[in-house]
Amino acid sequence: MRHFLTLADFSKEEILEILQIAKKLKKELKDGQYSNLLENKTLGMIFEKSSTRTRVSFEVGIHQLGGKGIFLSNNDIQLSRGEPLKDTARVLSSMVDMIMMRTFKHSSLEEFAQYSSVPVINGLTDDFHPMQLLADFFTMQECHKDKNPIVAYIGDGNNMAHSWLMLAAKLGFELRIASPKNYQVSPKILQQAQAFAKISGSKLLIMQDPKEAILNADVVTTDTWTSMGQEKDKEMRKKAFKGYCVDKALLSLAKQDSIFLHCLPAYRGEEVTQEVLEGTQSKVFLEAENRLHIQKGVMVWLHQNR
C-alpha cells in the first residue's frame, strides 16, 4: 500500500503517471464525462489547518469520481481532546477507503500514516505541500513550460520551497530559490533533495538575491511571507522580506514569455503586486483550478496502486 506524504517517496515515472491520469480526467470532465473510478469509496478529510482550495478540490474531486468525502475539522474528532494519533488512524482507516490530512507537524502525518490501514494523502504540513506542486507542474505542462525549465522561487524557505526542491530534484530541472538569510530552506531537506538531484541531473541553487534568481527564468513563483501559525511574526517578516515582492520590474528580468504562479491566498502588495497577479503572465487561477484535477489523479493512482 502506498501513501502520498512527500514527493521524495515517488520516482519520476510515478509522478508523470499521476500527471497523465490528471490530464485524462480533466479532459473527460471538460467533455462532460465522469469516470466513476472511485464509486462507493469514502474519503475522510482531516483539517487541523483550514483551507479553501484543499477542501473544495478534494470534496468535489471524490464526488466526481463516484465517491463521498467526509469533512472532519479538529473539533469534529477526538484529536482535539487528546486522543492519540495512532488510535484515530486505526479507527478511521477501518471505516473509510482513503484519508487526506492537513496538519501542522509533518511528523504527525507520518505517525498517522504508520498506523493507517488505507492510503493517507498529505493535504499540507509545515514541511511539505506536494499536492500543490503537482498542480503547479501540471499548469506548467499546459503552458508548455515543462521542458527543461528554469524555475525561480522568490520568498520564504517554507513548505512550498521544500516541495519545489523535491519536484525539481525528481524531475531534473533547474530551480533557484531566493530567500533572506534567516528564512532559507531547511538544510536537512536541501541535503535530501541534493541526493536526488545527483541522479536526475537537476540544478538546485540557493541564494539571497531575487534578481539573480529570476534572471531569464521560465517560471516565477512565490508564496505568502507569513504562513498559517506565524501571524505573530507578520511585521517582522514584512521587514525581512523587503525587496522580495514580485513586481513588474522584478518580473521583467525573467523571460518575456515566462509565467507567474502562486499557490494562494495571495497578499497583494506584499509578496506580489496587484499588477503581476492580475497580469497576462499570471496563471494562478488556472493553477488553482488544477488542484481539482491533481487531487483526483492522486486518489485514482493510490487506489490503483494499493
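Quick notes
- Checklist (1) crowded, with 24+ Cβ neighbours inside 10 Å; (2) touching a Phe, Trp or Tyr at 6+ places or on another chain (Cβ under 6 Å) applied to Leu124, failing item: (2)
- All conditions but one from (1) of a type in the set (D, E, K, R); (2) surrounded by fewer than 21 Cβ atoms within 10 Å (Cβ to Cβ); (3) in contact (Cβ under 8 Å) with a residue 24 or more places away in the chain apply to Arg102; the one that does not is (2).
- When Gln33, Gln20 are checked against the criterion of being surrounded by fewer than 20 Cβ atoms within 10 Å (Cβ to Cβ), of a type in the set (S, T, N, Q) and assigned to a helix (DSSP H, G or I), a single residue qualifies: Gln20.
- Selection count, the stretch 258-306, where residues are basic (Lys, Arg) and under 13 Å from Leu133 (Cα atoms): 1
- Among the residues of the stretch 267-299, the one identified as basic (Lys, Arg), surrounded by fewer than 23 Cβ atoms within 10 Å (Cβ to Cβ) and either touching a residue at least 60 places away in the same chain (Cβ under 8 Å) or part of a loop (DSSP other than H, G, I, E, B) (or both) is Lys283.
- Of all residues in the stretch 13-69, those satisfying the criterion of being small (Gly, Ala, Ser) and at pLDDT 95 or above are Ala22, Gly44, Ser57, Gly61, Gly66, Gly67, Gly69.
- Considering Ala152, Ala213, Ala193, the condition of being touching a helix residue (DSSP H, G or I) at 6+ places or on another chain (Cβ under 6 Å), within 24 Å of Asp247 (Cβ to Cβ) and assigned by TED's automatic domain parsing to the domain that holds Ile259 is satisfied by Ala152 alone.
- Residue match in the stretch 155-173 (condition: outside any helix (DSSP H, G or I), touching a residue at least 24 places away in the same chain (Cβ under 8 Å) and aromatic (Phe, Trp, Tyr)): yes
The values are calculated or read from the model by the stated rules, or taken from the named source; none is laboratory data. Owing to the predicted nature of the structure, the values given are computational and were not obtained by experimental measurement. Please note: Cβ atoms are built from the backbone with ideal geometry, for glycine as well, and neighbour counts cover all protein chains shown.
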